[in-house]
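Notes follow once the structure below has been shown.
The values are calculated or read from the model by the stated rules, or taken from the named source; none is laboratory data. This one's a predicted model, so the numbers in the text were calculated from it and none came from an experiment. Every residue, glycine as well, gets a Cβ built from its backbone with ideal geometry; the counts of neighbours run over all protein chains shown.
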Amino acid sequence: MSKVLIIGAGGVGRVVASKCADNPEVFSEIMLASRTLSKCETIAREVGKGRITPAQVNADNVQEVVDLINRFKPELVINVALPYQDLPIMDACLETGVNYLDTANYEPKDEAKFEYSWQWAYHERFKEKGIMAVLGCGFDPGVTSIYTAYAAKHHFDEIHTLDIVDCNAGDHGKAFATNFNPEINIREVTQKGKFWENGQWVETEPHEIKKVLNYPNIGPRDSYLIYHEELESLVKNFPTLQRARFWMTFGQEYLTHLRVIQNIGMARIDPVKYKGVDVIPLEFLKYVLPDPGELGENYHGETSIGCRIRGIKNGSEQTYYIWNNCSHEVAYRETGTQAVSYTTGVPAMLGAMMVLTGKWNGKGVFNVEEFNPDPFMEKIGEHGLPWQEAFNIDLEL
Ligand code: NDP
């Protein structure tokens, strides 16, 4: 029986809140806090089953988070606000001695760059304080990292290549929309590609490398090599990896919009003076694009995200593919959000459950693949994200 504080009332926050409310035997009391109180109140009313206390907090302000933690006294803070808030929330957890979990690594606001160095730097301080931080417990990063750990533990003596394949074959009926926070999403997909090969990082131009990959129950889709944050921790934690890459599907229409947004300067993150006021084009764009949390109603189709792995077992080469397909309609019926928020929120809730029930423990800062994958894999299906696997197939990669 534990108290949990969820910070962030967007699409992902809604799913985490709903799923925590479904599991009172672990989450005995739940507080949902965010910048806009009314969003917390709406979520509490619509999916909280009468078990969620809404609250207001500006998580950029460490003292505000400290005060909220001292008032509510949670055992764990689940951070599903934006990556910019990771460090202030970690600071507040350190000050109050409370465990921390998130789904995306820290990004500075003024530079489109994400890496774990900032958060890994908290390891010794979390250890000394006797608390833990779980980093990247969404789907990717998150489940894909746990799939990798599970494969390495049960199906290989050594893993040599890893390709994380992320397909969204859904259709929301809009000309252009992002599936999670537009600002973070556009910063992620417009940067240069990068992958790990033979002990070093290889950089590519954005969307330079494309392959047509086949996804279960979906079929062939154009898939582009992009850089994604879990690659950084996975190559560190699985040093036998000779190559690690991340592929994401994009339709031509999406890429055309993205190119136009960049070409006309709307992806800029430096301030522009407009009628005497500093405006950051990408932040403004977020306000005119559809809210990802509200795409769910007309979203059809499904996502398919998984890991394709090659390695050695008992002296011979083996291939392995593990994946989950998630229907936008089913996710929406259950939580009122589309599958991208759902596939992020469910693992965040389950990771929190792992921490609060002592299945995952340790003192310091950890990426999810450092924990025992088995208790998580045993439960993830019953919470809505069942997995499938195939052995010795053509990985296409
Ligand atoms: P949204 O933009 O829908 O929601 C973010 C929420 O955080 C909003 O409610 C926002 O408040 C709140 N927020 C922003 N700034 C502050 C602040 N300073 N203080 C308090 N609250 C704040 O994003 P999503 O729900 O789509 O995504 C949430 C997180 O999940 C992001 O970090 C994203 O990168 C991550 N993610 C991870 C994935 C994975 O698989 N690992 C996949 C998808 C997303 P307000 O409503 O007032 O704007």
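Within region 295-316, being buried (at least 22 other Cβ atoms within 10 Å of the Cβ), hydrophobic (A, V, I, L, M, F, W, C) and in contact with a strand residue (DSSP E or B) (Cβ under 6 Å, 6 or more places away or on another chain) holds for I305, C307, I309. Restricting region 17-42 to residues that are surrounded by fewer than 19 Cβ atoms within 10 Å (Cβ to Cβ) and assigned to a strand (DSSP E or B) leaves a set whose member that is farthest from the ligand (Cβ to nearest atom) is S28.
For region 192-208, filtering for residues that are surrounded by 15 or more Cβ atoms within 10 Å (Cβ to Cβ) and out of contact with any Asp or Glu (no Cβ under 7 Å at 6 or more places or on another chain) leaves 5. Candidates in region 131-161 are the residues that are touching a helix residue (DSSP H, G or I) at 6+ places or on another chain (Cβ under 6 Å) and more than 16 Å from the ligand (Cβ to nearest atom); of these, the one that is farthest from L87 (Cα to Cα) is I159. Please verify whether region 90-98 includes one or more residues that are within 9 Å of the ligand (Cβ to nearest atom) and at pLDDT 95 or above. Checked region 90-98: no residue is within 9 Å of the ligand (Cβ to nearest atom) and at pLDDT 95 or above. Scanning region 234-251 turns up no residue that is of a type in the set (A, V, I, L, M), outside any loop (DSSP other than H, G, I, E, B), at pLDDT below 95 and not assigned by TED's automatic domain parsing to the domain that holds K109. Taken together, the criteria place P54 among residues that are out of contact with any Pro (no Cβ under 8 Å at 6 or more places or on another chain), within 13 Å of the ligand (Cβ to nearest atom) and at negative phi. Scanning region 112-137 for residues that are under 30 Å from P281 (Cα atoms), surrounded by 14 or more Cβ atoms within 10 Å (Cβ to Cβ) and among the hydroxyl-bearing types (S, T, Y) returns a single hit, Y116.
Only residues that are part of a loop (DSSP other than H, G, I, E, B) and without any contact (Cβ under 8 Å) to a residue 40 or more places away in the chain were counted in region 373-397, giving 2.
Considering T344, T337, the condition of being buried (at least 22 other Cβ atoms within 10 Å of the Cβ), under 29 Å from W118 (Cβ atoms) and at pLDDT below 95 is satisfied by T337 alone. I'd like to check something: does region 190-205 contain any residue that is in contact (Cβ under 8 Å) with a residue 12 or more places away in the chain, under 20 Å from E302 (Cβ atoms) and in contact with a strand residue (DSSP E or B) (Cβ under 6 Å, 6 or more places away or on another chain)? No.
Number of residues in region 256-294 that are within 14 Å of the ligand (Cβ to nearest atom) and either in contact with a strand residue (DSSP E or B) (Cβ under 6 Å, 6 or more places away or on another chain) or modelled with pLDDT under 90 (or both) equals 4.
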